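The values are calculated or read from the model by the stated rules, or taken from the named source; none is laboratory data. Computed from a prediction, not measured in an experiment: that's the story for all the values here. Counting neighbours? That spans all protein chains shown, and the Cβs are built from the backbone with ideal geometry, glycine included.
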Amino acid sequence: MITEEHLTGFLMMHAGFRAEFGRLAEACANPRDDTHEELLEEQLALVLDMLHAHHAHEDAVLWPTLAGRAPQAADVLAELESEHAVLDPLIAAASDRGMPLPGRAPTLRRLHEVVNEHLDHEERAVVPLMLRHLTLDDVEADKRRAMDDFGRRRVPVIFGWLASSADTGLLAASYADLPVVARLMFRLFWWPAYRRRFTRLYGTTAPANALLES
Amino acid sequence: MRLNVLGPMELVVAGQVVPAGPPKQRALLALLTMHADRVLPADLLADRLWSGNPPAGAQGSLQVYVSNLRRRLEPGRRPGATPTVLVSAADGYGLMTGGLDLDTGDFETLVAAGSAYLAEGRHQETAAALAQALGLWRGTPYADVRSEEWAQPEIGRLEQMRLDTVEGLAAALLELGRHTDVVARLDPFVREHPLRERAWELLVLAHYRAGRQAAALECLRRVRDVLAGELGIDPGPRLRELEGAVLRQDTTLLPPERPAAPSPPQRPPQRTLTRTPEQTTARRVPEPAADQPVFVGRESALEFLDEAAKASSAAGQVVLVDGEPGVGKTSLLKRFITTADVPVGWGASPDHETAPALWPWERILRDLAAAAPQADLPDEVGTFLSGGLEAIPASDAQGARLRFFEAVGTFLGGVGPVTVVLEDIHAADDATLRLLVHVASTARPGLLLVATFRRHEASALTGTLSALSRLGARRLGLDGLATEEVRALVREVSGRDPGSRKAEELRGRTAGNPFFLAELARAGEELPQGVLDVVLHRVAGLGQETTRVLELAAVMGDEFEAGVLAQVAGGTVGDLLPPLDAALAAGLIRESSYRLGVYEFAHALVTDALLSRRSRLWRAHVHEQVAGVLTRVHGDRDDRAAVIARHWLAAAELGAEPARMAMDYCARAARAALRRHAPDDAATSWQEALAAAEPAGAGPAERFELAVGLAESRYAAGRFDEGYEAVEQALAMAGADLDKAVEAADIAMGHGVWVPFRYGLDVAALREATDRAVRELPPSTPAWATAQAVRAVVLAQTGREDEVDAVASQAVAAAERLGDPALLRRVLHLRLLAMQGQDFIEQRAATARRLLAEPDLSSQLRAIAQLHLVADHVEHGRVPQARALLAETDALLRDLHNPALALQAAIAHVGLDLFQGVPDPARHYEPVRATLSFSDLAYFEVGMLAVRAETLIQEDRFGEEAEWIEEMFRRTGMAGLAYVLAYALADRGEHERARRLLRETPLPPRDYHWAMAAMCRLHAAIRLGETDIVREVYDAFRPFAGLLHVSGTCTTIDGAYDGHMGEALLALGDREGARAHLREAVRLLEQAGAGYWLARARQALDKCT
């Protein structure tokens, strides 16, 4: 039996997806210059890569596991999987570099809305199932998989992005769960660097966080 | 006439094999041949032929046989003529070889020659001779009589010679590095002749040198068993010694330095890399391993690569191959290079764990240095391959890197047509990616560069990929296999045809991923879920011990050393062999073709699967064990520091002790990365060291060293803003230790033409530290002199220009008193950095000249001093002298390759071209642009900005660009831009806002940007009729009468001060005064060869009459 705390990583990713497409939609409508455009492209590619990894993992591992343990949930899981398919064309349009960024801003706006609806649905329908049917081993394997998906080069930015998106409680739980070196790397280097990146991306200051700026 | 007996007897006449007759007749010939050139008595012959029991008519039969043989051996002999081959003498017969070629004779001659060559160390010739000798054998010698007792001694002698010859050939091949060849020859040989210890010895060496330590040990185990079982004895001393040496990984096992061909004289002498194991196994093409994954389909991808290879002969080609993990990127390229008829360099970034910076390139360069020994190996590449420089001075970090990058490009160009494969660049270190872009940007005809990455990790590569696509790189996306290909693959792996419906179903399930499919096919049954589960299922099938060993190995990374793994697993290498063999046979791991005793997982997905079930705590403990063993075994090796650090870091949460080890090894890894031209990667390692310092409980003194390291690496990487943050951290940790504080403060000064502070940087920490140092340190110490010199720079930065000269002079005087030339050069450099702006024109030039007169001046400082003198020449209107000195500086920079200084020189060229009206000034940026670091790019942006602004002035188009100027002003807050904006707004009729901007924005401090700002203020004021301000700037400019208006080191040259003052007086209605200034301006600008500003001064002069 697991508790909500064990799903911190999963919910952190959701928080990241919920926030970032909206931010990107706004900034991409009017990039300052080439450098800004390049940075936005990079951020967008990163978040889309992560969305792909998240959904791929759900479709290949998480949903089949849950369906195996809770056969009555098969329908709702199939529904969620089909929502992934609805998102695909939007994701494809958002990553089409043939179209200049400002031209993709409306797609990103739409993606922001659809992703949030999808995540609402997922959290309503699946989180209770996960709490009931996943084991600690499953959770541990998921976390490891997520770290592999992040990759060494991207970890600093991904951590920053998630921290800039999560609410205080979720962030505190997730931070406490990190190995000590990662926690320190994050506080000493990754978060300050991400705050600068956030400003360069969105022209405003990243949400302050008492936990990380003490 | 030729007689072959090394096999069934063959009599060859005129190139035709002729039958030698019935068995007894053939036996007679064999008998005579064995005793060639000697006469054997007839009764002895009969005795042998009839096995000691000749019948009555034996002698008659013998004569018939002799006569038949004579007809065959001498077909041209006239009847009655005396036979010369099969001769009769006294009571017997003899075979004379004078007129007969015997293959045994040829064999013995070749063997003798081969042995002589071997003794002389001429291995190539040895191998040729012995291979030819063995080629004569067609089976058992004298096969026709092999069961006759009398034949045994000769057959035995020949057989013995053959065995010796096989071993001799193997020895020569081993020396030639042809390990596969040796193994291929000796493996069946020792099975047939298991007691030949020499052969076992050579086989062991061949396995070992090919990097298959486990196979070597396995051979030793087999020979021990055989000898004990058959003879009841132990292996001889040589084999026992060999066994010990293999276990110790003794370097004597490696081949001695071996110039296979006489080494070309142009090869630099310090090239010691022939001693490294990598070198000995490097080859023209990576050997297609026996366990090569099954390969189907991909015709169009191979065609794409073939075409790229063809196109590369006209212009270098870059191909980017992307796809999901397991889709077959590696298999495709392995298949491709087997058909490539050019040298191949192959390097991969490890997906799990880590490797030293530039590791993939190191492998590529080693491959190619071995495959193309004729290619000239530039010094920088040779040094890199033999362990890198001892230390690279911070001032030369970027230059040294670019020189190395250029050298790699030159080397690749010299190899001729070549294919370079860089695998898994999504996991690459920063330096590897930079070198990739550099090589792509300088690719010469003949180079085909192929890089692979995982499709959904491409966001780690956005910058690299866009740089490569700008350079014309082409993308080759690999998707899943089609149904028929799935069917073929499954058929090949499992030996069963799944049929097309089943294949379609499998394709749906695996998305046609060949790795997934092969694993499924090998697993041989229906399994649920994903690829990792299938892999785990297969692992479980190998038994508990194998699973345990593989899980431990997976923690070690994509590659693991058997020796280290044995210690982690708590046993001997011998214990590991059965589980490793099982895993090898299952295709889950393979022996590394690069390193001794190293295995690698067949695919990163196998590692993923093995690690997927284990808890974080379990992994941390195994990491700790691995780290402990690696530290014992390789703890003193720089090239392993990064790997060891990675394991300690993963164990750091277990306590202070592993955390401290992590801290130490991260610091070592950082230093090693700096020596490998990877300052960005070094910075990451320093950060990790600082993070580990907390749980390690390290004190401030230790942390200070780490923060200083971080600061230096960031400056070396050209990341000045982040470098300054690290300097602040170091200052905080230095605390009351003022020597340390000064050391940290000095780092913040950088090594360039300008102080590396962004506009408006808050340098309070630096000011406090150096103020205190100057107050409290004895003035007779070097630290005091440095502190004072840094203080001068800080004063200039904080608007206290009036104190700069005196403070900087004190620093110089202190350094002179100490008689320390290096210190003196540094404080003179800092004095140059401090004396920014118009108020120091003369002092700056004097300091630059003083610096140039110093002995042992580095090329960097010489270039810096010369760039300041270029600006000084221009200020005084001596443009031709400035151009000449700039050309001299260019020559200096061509050898130095310092990108930051090259940029400053380019900026000066652009400024001069704009000033003199030379078209297309921005062309000077082309050669430098690609080489710039992060912060250089900021300077570059400023340079481009200046070009645009100057162009707008010259074209009088500020009004059209008000939005752009406003945005620039908002971002930088530079006062000069406020005035430019006022100018632009005035143009557009927005007078009120323009006036407000002008009145509310005070002039900046008299720093590098003051002159430009004041000039813009003046012209905006003239437009707006703000006479007070016009007068104010006129007064401010008066001290500079007679000079040209120069910003920076010629970033812009805006005419002559007199021109601006003339326009000011015109606006104030003083035509007389204006005329005097403008005449002077016209004179100066004519002399300087000015374009726009001369015309403008003439126009203004016309208005004065």
**Prompt:** How about the stretch B:735-828: which helices (runs of 4 or more DSSP H) wholly inside it have at least 1 residues that are touching a Phe, Trp or Tyr at 6+ places or on another chain (Cβ under 6 Å) and free of Cβ contacts under 8 Å to residues at least 12 places away in the same chain?
**Reply:** none
**Asked** Can you name the residue in the stretch B:1066-1098 that is surrounded by 23 or more Cβ atoms within 10 Å (Cβ to Cβ) and more than 60 Å from the chain's Cα centre (by Cα) and, of all such residues, is nearest to B:ASP1028 (Cα to Cα)?
**Response** B:ALA1074
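Does A:LEU162 satisfy being within 13 Å of chain B (Cβ to nearest Cβ) and either assigned to a helix (DSSP H, G or I) or more than 24 Å from A:LEU24 (Cα to Cα) (or both)? Lay out the reasoning, then the answer.
Values: within 13 Å of chain B (Cβ to nearest Cβ): no; either assigned to a helix (DSSP H, G or I) or more than 24 Å from A:LEU24 (Cα to Cα) (or both): yes.
So A:LEU162 does not fit the description; no.
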**Request:** List the number of the failed condition for B:PHE704; all other conditions in (1) modelled with pLDDT of 95 or more; (2) within 25 Å of B:GLY387 (Cβ to Cβ); (3) surrounded by fewer than 24 Cβ atoms within 10 Å (Cβ to Cβ); (4) not acidic (Asp, Glu) hold.
**Result:** (2)
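To keep it simple, each residue is scored yes or no on (1) away from chain A (no Cβ under 13 Å); (2) surrounded by 24 or more Cβ atoms within 10 Å (Cβ to Cβ); (3) of a type outside the set (Gly, Ala, Ser).
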{"residue": "B:ALA503", "(1), (2), (3)": "yes, yes, no"}
{"residue": "B:LEU506", "(1), (2), (3)": "yes, no, yes"}
{"residue": "B:ALA511", "(1), (2), (3)": "no, no, no"}
{"residue": "B:PHE516", "(1), (2), (3)": "no, yes, yes"}
{"residue": "B:GLY530", "(1), (2), (3)": "no, no, no"}
{"residue": "B:ASP533", "(1), (2), (3)": "no, no, yes"}
{"residue": "B:LEU542", "(1), (2), (3)": "yes, no, yes"}
{"residue": "B:LEU550", "(1), (2), (3)": "yes, yes, yes"}
{"residue": "B:PHE560", "(1), (2), (3)": "yes, yes, yes"}
**Message:** Tell me yes or no: at least one residue of the stretch B:684-707 is within 11 Å of another protein chain (Cβ to nearest Cβ) and on the phi > 0 side of the Ramachandran plot.
**Reply:** no
**Request:** Look at the stretch B:608-646 and say how many of its residues are farther than 30 Å from A:ASP138 by Cα and either touching a strand residue (DSSP E or B) at 6+ places or on another chain (Cβ under 6 Å) or basic (Lys, Arg) (or both).
**Result:** 3
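Does A:LEU134 satisfy being over 17 Å from the mean Cα position of the chain (by Cα) and away from chain B (no Cβ under 14 Å)? Give the derivation first.
Numbers: over 17 Å from the mean Cα position of the chain (by Cα): yes; away from chain B (no Cβ under 14 Å): yes.
For A:LEU134, the condition - over 17 Å from the mean Cα position of the chain (by Cα) and away from chain B (no Cβ under 14 Å) - is met.
Of all residues in the stretch B:958-984, which are out of contact with any Leu (no Cβ under 7 Å at 6 or more places or on another chain), within 24 Å of A:PRO31 (Cα to Cα) and more than 14 Å from chain A (Cβ to nearest Cβ)? Quick ask: steps written out before the conclusion?
Keep residues of the stretch B:958-984 that are out of contact with any Leu (no Cβ under 7 Å at 6 or more places or on another chain), which gives B:959-960, B:963-964, B:967, B:970-974, B:976-977, B:980, B:983-984.
Adding the requirement that they be within 24 Å of A:PRO31 (Cα to Cα) leaves B:959-960, B:963-964, B:967, B:970-974, B:977, B:980, B:984.
Matches in the stretch B:958-984: B:GLY959, B:GLU960, B:GLY973, B:MET974, B:LEU977, B:VAL980, B:ALA984.
Would you check which residues across the stretch B:878-924 are among the small types (Gly, Ala, Ser) and part of a helix (DSSP H, G or I) and list them? Can you show your working first?
Restricting attention to the stretch B:878-924, the residues satisfying the condition of being among the small types (Gly, Ala, Ser) are B:882, B:884, B:887, B:891, B:900, B:902, B:905-906, B:908, B:911, B:917, B:922.
If the condition is that a residue be among the small types (Gly, Ala, Ser) and part of a helix (DSSP H, G or I), then B:ALA882, B:ALA884, B:ALA887, B:ALA891, B:ALA900, B:ALA902, B:ALA905, B:ALA906, B:ALA908, B:GLY911, B:ALA922 are the ones that fit.
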**Fill in**
For strands (runs of 3 or more DSSP E) lying entirely in the stretch B:1-112, having 3 or more residues that are among the aliphatic types (A, V, I, L, M) and touching a residue at least 12 places away in the same chain (Cβ under 8 Å) picks out B:86-89
**Request:** Starting from the stretch A:69-90, take each residue that is closer than 21 Å to A:LEU44 by Cα and list its partners that are in a helix (DSSP H, G or I) and among the hydrophobic types (A, V, I, L, M, F, W, C), counting only C-beta distances under 8 angstrom and pairs at least six apart or across chains.
**Result:** A:VAL86/A:VAL114; A:LEU87/A:LEU51; A:LEU87/A:LEU111; A:LEU87/A:VAL114; A:LEU87/A:VAL115; A:LEU90/A:LEU111; A:LEU90/A:VAL114
**Request:** Inspect the stretch A:74-85 for any residue being part of a helix (DSSP H, G or I) and under 16 Å from the mean Cα position of the chain (by Cα) and give the result as yes or no.
**Result:** yes
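A quick yes/no check of all residues on (1) in a helix (DSSP H, G or I); (2) more than 14 Å from chain B (Cβ to nearest Cβ); (3) at pLDDT below 90:
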position: A:ASP142; (1), (2), (3): yes, no, yes
position: A:ASP149; (1), (2), (3): yes, no, yes
position: A:LEU178; (1), (2), (3): no, no, yes
position: A:LEU184; (1), (2), (3): yes, no, no
position: A:ALA193; (1), (2), (3): yes, no, no
position: A:ARG197; (1), (2), (3): yes, no, no
position: A:LEU201; (1), (2), (3): yes, no, no
position: A:PRO207; (1), (2), (3): no, yes, yes
position: A:LEU211; (1), (2), (3): no, yes, yes
**Prompt:** Out of B:GLU992, B:GLU950, B:GLU1000, which single residue is within 50 Å of the chain's Cα centre (by Cα) and modelled with pLDDT of 85 or more?
**Reply:** B:GLU950
**Asked** Of the residues that make up the stretch B:422-430, is at least one touching a Gly at 6+ places or on another chain (Cβ under 7 Å), small (Gly, Ala, Ser) and surrounded by fewer than 21 Cβ atoms within 10 Å (Cβ to Cβ)?
**Response** no
**Message:** So A:ARG32 passes all but one of these: (1) within 11 Å of another protein chain (Cβ to nearest Cβ); (2) in a helix (DSSP H, G or I); (3) not acidic (Asp, Glu). Which condition number does it fail?
**Reply:** (2)
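Quick one: is A:LEU171 in contact with a Gly (Cβ under 9 Å, 6 or more places away or on another chain) and away from chain B (no Cβ under 12 Å)? Give the derivation first.
Details: in contact with a Gly (Cβ under 9 Å, 6 or more places away or on another chain): no; away from chain B (no Cβ under 12 Å): yes.
So A:LEU171 does not fit the description; no.
Somewhere in the stretch A:125-145, is a residue out of contact with any Cys (no Cβ under 7 Å at 6 or more places or on another chain), closer than 19 Å to A:PHE21 by Cβ and either crowded, with 19+ Cβ neighbours inside 10 Å or free of Cβ contacts under 8 Å to residues at least 40 places away in the same chain (or both)?
Checked the stretch A:125-145: no residue is out of contact with any Cys (no Cβ under 7 Å at 6 or more places or on another chain), closer than 19 Å to A:PHE21 by Cβ and either crowded, with 19+ Cβ neighbours inside 10 Å or free of Cβ contacts under 8 Å to residues at least 40 places away in the same chain (or both).
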**Item:** Odd one out for B:GLY1025 among (1) among the small types (Gly, Ala, Ser); (2) touching a strand residue (DSSP E or B) at 6+ places or on another chain (Cβ under 8 Å); (3) loosely packed, with under 15 Cβ neighbours inside 10 Å
**Value:** (2)
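Specify the residue that is modelled with the lowest pLDDT; the eligible residues are those in the stretch B:968-989 that are outside any helix (DSSP H, G or I) and small (Gly, Ala, Ser).
Quick first cut of the stretch B:968-989, residues outside any helix (DSSP H, G or I) only: B:973-974, B:988-989.
Still in the list and also small (Gly, Ala, Ser): B:973, B:989.
Values: B:GLY973: 77, B:GLY989: 87.
It comes out as B:GLY973.
Within the stretch B:602-643, which residues are closer than 13 Å to B:GLU559 by Cβ and away from chain A (no Cβ under 14 Å)? Full working, then the answer.
Residues of the stretch B:602-643 closer than 13 Å to B:GLU559 by Cβ: B:602-604, B:606-607, B:626, B:630, B:640, B:643.
Scanning the stretch B:602-643 gives B:ALA602, B:VAL626, B:LEU630, B:ARG640.
Which members of the stretch B:1063-1090 meet the condition of being among the small types (Gly, Ala, Ser) and in contact (Cβ under 8 Å) with a residue 40 or more places away in the chain? Walk me through it before giving the result.
If we filter the stretch B:1063-1090 for residues that are among the small types (Gly, Ala, Ser), which is where we start, we get B:1064, B:1067, B:1069, B:1073-1074, B:1076, B:1081, B:1088-1090.
Correct list: B:ALA1064, B:ALA1067, B:ALA1088, B:GLY1089, B:ALA1090.
Where in the stretch B:192-248 are the helices (runs of 4 or more DSSP H), entirely inside, with at least 2 residues that are more than 40 Å from the chain's Cα centre (by Cα) and either aliphatic (A, V, I, L, M) or surrounded by fewer than 17 Cβ atoms within 10 Å (Cβ to Cβ) (or both)?
Qualifying helices (runs of 4 or more DSSP H): B:213-231.
A quick yes/no check of all residues on (1) crowded, with 21+ Cβ neighbours inside 10 Å; (2) touching a strand residue (DSSP E or B) at 6+ places or on another chain (Cβ under 8 Å); (3) within 14 Å of another protein chain (Cβ to nearest Cβ); (4) farther than 27 Å from A:PHE150 by Cα:
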position	(1), (2), (3), (4)
B:SER459	yes, no, yes, no
B:THR462	no, no, yes, no
B:SER466	no, no, yes, no
B:GLY472	no, yes, no, yes
B:ARG475	no, yes, yes, no
B:ASP479	no, yes, no, no
B:ALA488	no, no, no, yes
B:GLU492	no, no, no, yes
B:GLY499	no, no, no, yes
